[in-house]
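Just below is one structure, and these are the notes that go with it.
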Amino acid sequence: MKTILLLIPFLFLYIFSNAQGIRGMITNTEGQPVPYTNIYVPVLKSGTTSNHEGQFELKLPDGEWEVLFQYIGYKTYIQKFNVTNSSEDVKIIMQTQSVNIKEIKVLASGEDPAYYVMRHAIAMAPYYTNQVSEYDCKLYLKGTGIIYKIPRLFKKRLEKEGVEKDKPFVLESLNKIHFELPDNLKQEVIAMHSTGDDNDSDAMEMITTNLYNVSEYGVTSPVGRNAMKVYKFELAGVFEDQGKLINKIKVIPKNKGKGAFEGIINIVEDYWNIHSADLDFTMPMMDVTMRQLYGLVENNTWMPTSFDFEMDMAALGFGIKYNYVASFSEYSVVLNKNLDHSFQNILREKEIENTNILDSLAQAELIVKPEVKSISKNQKKIETLRKKKNLSNRDMYKLERLMDKEIKRTLPPEPIEIINPVKIGKNAINNDSVYWASFRPIPLTHIETSTFSEKDSISEVHNSPEYKDSIQNGMRKFKITDLILGRTYRYEKDSARFNSRFSISGIINLSGLTFNTVDGFYYTLPFSYNLTDTLGRRFTASTNIGYAFSRKTPSADYSVYYLYNGKKRSWVNFRGGIKAVDFKRNSALSSFENDFYTLFFEDNFQKFYENKFVNVLWGTEISNGLNIRAGFQIAKRSPLKNHSDYKFINAKNKDYTPNIPQIDHLVIGQLSESKATTAQLRLTYTPKQRYRIRNNIKYPTTGYKPTFVFYYEKGFKNIFGSDVNYDFVSASINQNLKIGFDNYLDYSVTAGGFINDKKLFAPDFKYFNVNNQAVLFTQSANRFYLLDYYKSIQSGYFLEAHTAINFKKLIFMRLPLLNRTLMRESLFGSYLTTDFKNHYFEIGYGLNNIFLIMDAAVVAGFENGKHQSTGMKLSFNLN
């Protein structure tokens, strides 16, 4: 009896795997397979897609069903099937779509009729972007990739990891999608299957992006606001599909390069929505072919039914071809009740008047009668422009702006919390091959089937309790080599409430070896312990133990951090230690930069003092976007001198400078030993700050909203022997804005100063972010390039501002060879005024992301309108 009960689930799966419907092969008239053909049943609002070899399978209930077979460049093939209790094998032959030249009056200017079509399509794009306020559907997503080129240097290493040349890797998933305006997309992963160890659905958002919203990926849509500036259009002809006239438009970029499509887009006459598209575009190191097909899922409502992407990536000697196919089905849509859809019904009524297919009763049922409501002035203007026969570019932009204005008026407010869009079902990854054979809507190709079979046999071993225990024990087991090479021990379980890690760096820790003229060679060994739970709490304890070989002095610092309320972002941090630090603290050179200039060029820019300190910090969120951070520190600061004159290259007539910072108006006593008891208060506010919550921890998101910062620091006299007595205050605003298409503006303005400067020492000064070296190995915003390294103030006020505009194309990036790269251009400027530095400006031009790792810039400095200096700068992104 027990055996029979165990067999019942498999019996049901067997019945499903042999379910009734149709299956077979789709070819063209020459017998060649037509891959990724969309197969759709309008009555059921369901369908599938053929695979790369033209094979398909569609499960259907009993009855007679009309099935549509659609693919770009072919006539829509419609056939009725009488489905009983078995699967019918069929062969579908697709006919090439015949295209007629449209009979349309050409303007006296000789303008191609395509512009008439595209102006309407661009103007109507905001409507079709927001036509549906909410929808649900099912999505099957499959990606297949092949590495066809592997550099010899990596070949053996990758083979050990199971990555081989010409061996496909496949990822597929079944998903439920729910969308609500304006941008609330939720994805529930029902099942996920991969030939590799990783199961990832991150590609879904990009792959399922339609042509109405591709701008966020740096590509100009043919129906986007800037399309007329980017493309030329030609009418290739017209054809009929399901009773509608379709305009076939050639899309031709005015300047070839990244960020522009080239190919065919098909637009429905009078409705002006996208019917389908077959477009190529270039991204950095990648050529992409994108085909999208839209279908009528409700009366007058076109939704994506199938997408497929072919990608060819080439970089660093690797060559990878990847293919994604997305098949949508079971749509349920809700029209946006705040929009005027009446023109759709008028057009539909005209179509019915011109056909004798349906009787009058059936025709009347096809029309969705809108609610009778008053029409706004904007809607009247929209309707007048929409009916205009000769729509000019000016009319197009006006209509598009009116549409956009009307839609923004009706959109719900932007939600503050961004809900995690991807939810992975409890058993989504544990489904076996029997499950996938039953529910996979697109058949696997022969090579994909063999690859999954190999993976399933390996997974059977890896999923055994014995194998999992051995892996877990291996993550915790101590080895003597760990003391030399370092190791992270993981104490984790999928079902555990607490997860922890302990990391040791090992004696061979090259990243811990640095050099400066005070310590000589300095070596540090870090250790850390991390504990997290599912309630939004996190504990981290870390320490760095170091030794200065020339100074013959050990050092150590520690930090204990506890996040005790993740949703309120409430935390406390205890720190302390003894070590040599740069006077500039947070705006100092990186250790690597100082090593480079010191050892190779004898430029010891950094100057150090010894800091013995204990510090406690606390922070929390008062309300959304408003955060407070407070700190209290007791420190003893002692002067240091150089202990090493070692160098790799010994330049003539040059030597290291003393360990004294070159500070304007410095008083020698300000470098003497001092004690400082200080307190800090920092308030930050970002209005309408959006955020995500993961594992009960709140994460603010980057956006285009301004952030206001208030900072106050107090130096207490005679408390715990403190020698300092000062008050420093500052206020700032910073923001990142998107301007135009794929161009960005960053700015920051800070004002402040010492309202009490009775007693300060050099570590207490306000230092500006200056990196005046010709070559840098870090990239950061809001810095000066031509001032003295230790530019600072010890009294009075300051006003500092920085701005930068990052362009996709400005001057050089318009050139044919450069516009296919990832490089960008920038214009930037900085301003500073203090009691001792009046109206200082820096302006510059830069090329960014050269070879993915480098920026180059030319900078000029001016004071009171007079030129001071000019310099060339190179920055390598080694962060």
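The values are calculated or read from the model by the stated rules, or taken from the named source; none is laboratory data. All figures in this text were calculated on a predicted structure; none of them were measured in a lab. We place every Cβ from the backbone using ideal geometry, glycine too, and count neighbours over all the protein chains shown. Note: areas computed on protein heavy atoms with side chains; ligands, DNA, RNA excluded. Shrake-Rupley method; radii C 1.70, N 1.55, O 1.52, S 1.80 Å.
Structural remarks
- Some residue of the range 785-794 being surrounded by fewer than 17 Cβ atoms within 10 Å (Cβ to Cβ) and either polar (S, T, N, Q) or not in a loop (DSSP other than H, G, I, E, B) (or both): no
- Answer residue from the range 824-837, given it is out of contact with any Gly (no Cβ under 9 Å at 6 or more places or on another chain) and surrounded by fewer than 19 Cβ atoms within 10 Å (Cβ to Cβ) and is modelled with the lowest pLDDT among those: 837
- Within the range 755-765, the residues that satisfy the criterion of being open to solvent by 50 Å² or more (accessible area, probe 1.4 Å) and over 18 Å from residue 639 (Cα atoms) are 755, 757, 758.
- Filtered residues of the range 266-306 (kept if open to solvent by 20 Å² or more (accessible area, probe 1.4 Å), at pLDDT 85 or above and within 24 Å of residue 231 (Cα to Cα)): 269, 270, 278, 280, 287, 289, 291
- Test: residue in the range 123-130 that is open to solvent by 30 Å² or more (accessible area, probe 1.4 Å) and outside any strand (DSSP E or B): yes
- Only one of 634, 663 that is of a type in the set (A, V, I, L, M, F, W, C) and part of a loop (DSSP other than H, G, I, E, B): 663
Listed here are the residues, each with its yes/no results for (1) within 26 Å of residue 523 (Cβ to Cβ); (2) surrounded by fewer than 18 Cβ atoms within 10 Å (Cβ to Cβ); (3) touching a residue at least 24 places away in the same chain (Cβ under 8 Å).
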| residue | (1), (2), (3) |
| --- | --- |
| 533 | no, yes, yes |
| 560 | yes, yes, no |
| 564 | no, yes, yes |
| 634 | no, no, yes |
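- Restricted to strands (runs of 3 or more DSSP E) entirely inside the range 667-754, those with at least 2 residues that are open to solvent by 40 Å² or more (accessible area, probe 1.4 Å) and aliphatic (A, V, I, L, M) are 674-685, 725-739.
- Counted residues, the range 506-531 - those being touching a helix residue (DSSP H, G or I) at 6+ places or on another chain (Cβ under 6 Å), open to solvent by less than 40 Å² (accessible area, probe 1.4 Å) and not in a strand (DSSP E or B): 1
- Number of positions in the range 843-870 that are open to solvent by 50 Å² or more (accessible area, probe 1.4 Å) and of a type outside the set (Val, Ile, Thr): 9
- One residue alone among 865, 796 is in contact with a strand residue (DSSP E or B) (Cβ under 8 Å, 6 or more places away or on another chain) and of a type in the set (Gly, Ala, Ser), and that residue is 796.
- Picking from residues in the range 307-325 that are open to solvent by less than 20 Å² (accessible area, probe 1.4 Å) and in contact with a helix residue (DSSP H, G or I) (Cβ under 7 Å, 6 or more places away or on another chain), the one that is farthest from residue 343 (Cα to Cα) is 309.
- Number of the condition not met by residue 243 [criteria: (1) modelled with pLDDT of 90 or more; (2) open to solvent by 10 Å² or more (accessible area, probe 1.4 Å)]: (1)
- Considering (1) open to solvent by 50 Å² or more (accessible area, probe 1.4 Å); (2) over 30 Å from residue 812 (Cα atoms); (3) of a type in the set (Phe, Trp, Tyr), the lone condition that residue 328 does not fulfil carries the number (1).
- Check on residue 840, touching a Leu at 6+ places or on another chain (Cβ under 6 Å), of a type in the set (Phe, Trp, Tyr) and surrounded by 15 or more Cβ atoms within 10 Å (Cβ to Cβ): yes
- The range 580-603, subset crowded, with 20+ Cβ neighbours inside 10 Å and free of Cβ contacts under 8 Å to residues at least 60 places away in the same chain, residue nearest to residue 554 (Cα to Cα): 582
- Residue 774 surrounded by 18 or more Cβ atoms within 10 Å (Cβ to Cβ), among the aliphatic types (A, V, I, L, M) and in contact (Cβ under 8 Å) with a residue 60 or more places away in the chain: no
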